[in-house]
Amino acid sequence: MRHALVCGAGGFIGAHLVRRLRREGMWVRGVDLKAPEYAPSQAHEFVLGDLREAAVCAAVCDRAFDEVYQLAADMGGAGYIFTGEHDAAIMHNSALVNLQMLEAARRAGVGRIFYASSACIYPAHNQQDPDHPDCAEDSAYPAAPDSEYGWEKLFSERLYLAFRRNHGLAACIARFHNVFGPEGTWSGGREKAPAAICRKVAEARSGEAIEVWGDGEQTRSFLYVDECLEGTTRLLRAGEAGPLNIGSAEMVSINQLVAMVAEIAGKRIELRHVPGPLGVRGRNSDNRRIRARLGWAPSRPLREGLEKTYAWIERQVRGLGGV
Ligand code: NAD
């Protein structure tokens with residue numbers, strides 16, 4: 001039986017990944033500071049532990065796992081990353097986790113280790129034009145991310161690549177672009193745009209207005225979690241160092257996103273634009289490299305994933321829970 005270790009298994013993507021790896025027949029250990037919020041972990045073993053500590057990393061990475069997925073990070077949506085209030089914690093906590101986990105993985109002689117980087121590493125100046133953002137992998141340098149979260153991700157990418165060069169550790173890196181889906185954070189301040197909008201629309205009555213940060217013309221693409229996992233496992237199993245974008249190339253403005261969710265909900269929704277943390281003006285995944293390297297790229301329409309996510313968030317808003 002093949003063995004996998006999922007770091008950040010209590011988080012949104014990690015919890016989905018554990019479920020997927022189990023379905024594939026792997027033995028899975030998950031580790032996180034917290035258990036998954038919305039459903040019990042499907043891991044064979046779930047360890048509550050702080051991966052900033054070397055001893056915890058060594059204890060959970062106690063064998064030559066075939067696959068290690070390092071998804072743990074101090075993280076959140078624009079309301080968490082772009083206000084500046086959490087910068088020190090984000091950099092310190094996430095860098096420590098990566099430093100300690102890599103060393104533990106090296107010592108244990110793991111087969112492959114995946115690292116989840118982010119589209120937030122791309123220079124802000126290449127993302128001013130909402131219609132033509134440049135997120136080709138090579139455009140990362142000269143570096144100029146617009147958040148400390150992005151700088152930490154860039155540092156850690158380099159750390160994984162250095163371990164690959166100097167220690168022969170098979171590190172594989174992806175840059176995720178706005179992943180969403182059921183069982184993602186949907187309230188409380190760390191939620192991202194698709195979840196926040198689904199919640200606001202679910203809470204609104206038809207004809208009411210919901211608040212949108214900025215003028216709503218900023219563009220993004222959003223990737224449904226199942227396709228994120230497909231790309232993640234493909235990248236690791238190909239042994240591809242990357243970094244490769246894993247994201248959707250279906251770019252929409254935030255106003256268009258609201259319109260799509262309103263249509264799914266069957267409600268007429270007005271928009272009230274208010275000041276708020278925004279991030280870059282435009283961002284889209286450039287999938288040329290992943291297609292060339294893996295012969296695959298995300299392709300499902302945004303609407304499909306939004307329908308599933310809206311249905312789940314609407315249940316949470318009504319207090320019904322469930323997954
Ligand atoms: P998440 O916040 O739901 O999951 C991260 C998990 O890491 C959390 O459960 C958290 O408790 C855990 N964690 C943080 N510090 C820890 C520590 N010291 N020890 C143990 N666990 C710790 O985030 P997610 O959306 O599932 O993202 C997973 C990874 O993908 C993260 O590295 C994130 O930066 C990256 N990423 C996500 C997106 C996205 O849109 N979701 C986009 C780009 C990159």
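The values are calculated or read from the model by the stated rules, or taken from the named source; none is laboratory data. Note that the structure is predicted; figures quoted are calculated from it, not measured. Using ideal geometry, Cβ is built from the backbone for each residue, glycine included, and neighbour counts are taken over all protein chains shown. Note: accessible area is taken over every heavy atom of the protein model, side chains too, but ligands, DNA and RNA are not part of it. Shrake-Rupley method; radii C 1.70, N 1.55, O 1.52, S 1.80 Å.
Output the qualifying pairs, or none if there are none: Cβ atoms under 9 angstrom, residues six or more apart or on different chains, first residue in region 79-90 and closer than 23 Å to VAL274 by Cβ, second residue hydroxyl-bearing (Ser, Thr, Tyr) and open to solvent by less than 40 Å² (accessible area, probe 1.4 Å).
TYR80/TYR149; ILE81/SER147; ILE81/TYR149; PHE82/SER147; PHE82/TYR149; GLY84/SER147; HIS86/TYR80; HIS86/TYR149
Output the residues belonging to region 233-253 that are of a type outside the set (Lys, Arg) and surrounded by fewer than 22 Cβ atoms within 10 Å (Cβ to Cβ). Talk me through it step by step, then tell me what you get.
Restricting attention to region 233-253, the residues satisfying the condition of being of a type outside the set (Lys, Arg) are 233, 235-236, 238-253.
Once the filter is applied, which keeps residues that are of a type outside the set (Lys, Arg) and surrounded by fewer than 22 Cβ atoms within 10 Å (Cβ to Cβ), region 233-253 yields THR233, ALA238, GLY239, GLU240, ALA241, ALA249, GLU250, MET251, VAL252, SER253.
Taking ALA95 as meeting all but one of (1) open to solvent by 10 Å² or more (accessible area, probe 1.4 Å); (2) more than 27 Å from TRP186 (Cα to Cα); (3) of a type in the set (A, V, I, L, M), write down the number of the exception.
For ALA95, the failing item is (2).
Kindly indicate which of ARG272, ARG268 is exposed (fewer than 15 other Cβ atoms within 10 Å of the Cβ) and either assigned to a strand (DSSP E or B) or within 16 Å of the ligand (Cβ to nearest atom) (or both). Don't jump to the end; show me each part of the working.
Working: ARG268 fails: either assigned to a strand (DSSP E or B) or within 16 Å of the ligand (Cβ to nearest atom) (or both).
Answer to the check: ARG272.
So, in region 17-38, of the ones that are closer than 25 Å to ALA95 by Cβ and open to solvent by less than 40 Å² (accessible area, probe 1.4 Å), which residue ends up nearest to the ligand (Cβ to nearest atom)?
ASP32
Among the residues of region 246-256, are any in contact with a helix residue (DSSP H, G or I) (Cβ under 9 Å, 6 or more places away or on another chain) and assigned to a helix (DSSP H, G or I)?
yes
Yes or no, residue by residue, for (1) within 9 Å of the ligand (Cβ to nearest atom); (2) within 19 Å of ALA43 (Cα to Cα):
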residue	(1), (2)
ASP66	no, yes
LEU71	yes, yes
ILE81	no, no
GLY84	no, no
ALA89	no, no
HIS92	no, no
ALA95	no, no
LEU102	no, no
ALA105	no, no
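Answer yes or no as to whether SER117 is open to solvent by less than 30 Å² (accessible area, probe 1.4 Å) and more than 19 Å from ILE246 (Cβ to Cβ).
Numbers: open to solvent by less than 30 Å² (accessible area, probe 1.4 Å): yes; more than 19 Å from ILE246 (Cβ to Cβ): no.
Considered against the rule, which asks whether it is open to solvent by less than 30 Å² (accessible area, probe 1.4 Å) and more than 19 Å from ILE246 (Cβ to Cβ), SER117 comes out as no.
Name the residue that is most open to solvent (accessible area, probe 1.4 Å), counting only residues in region 157-180 that are farther than 20 Å from LEU96 by Cα and within 9 Å of the ligand (Cβ to nearest atom).
Out of the qualifying residues, it is ASN178.
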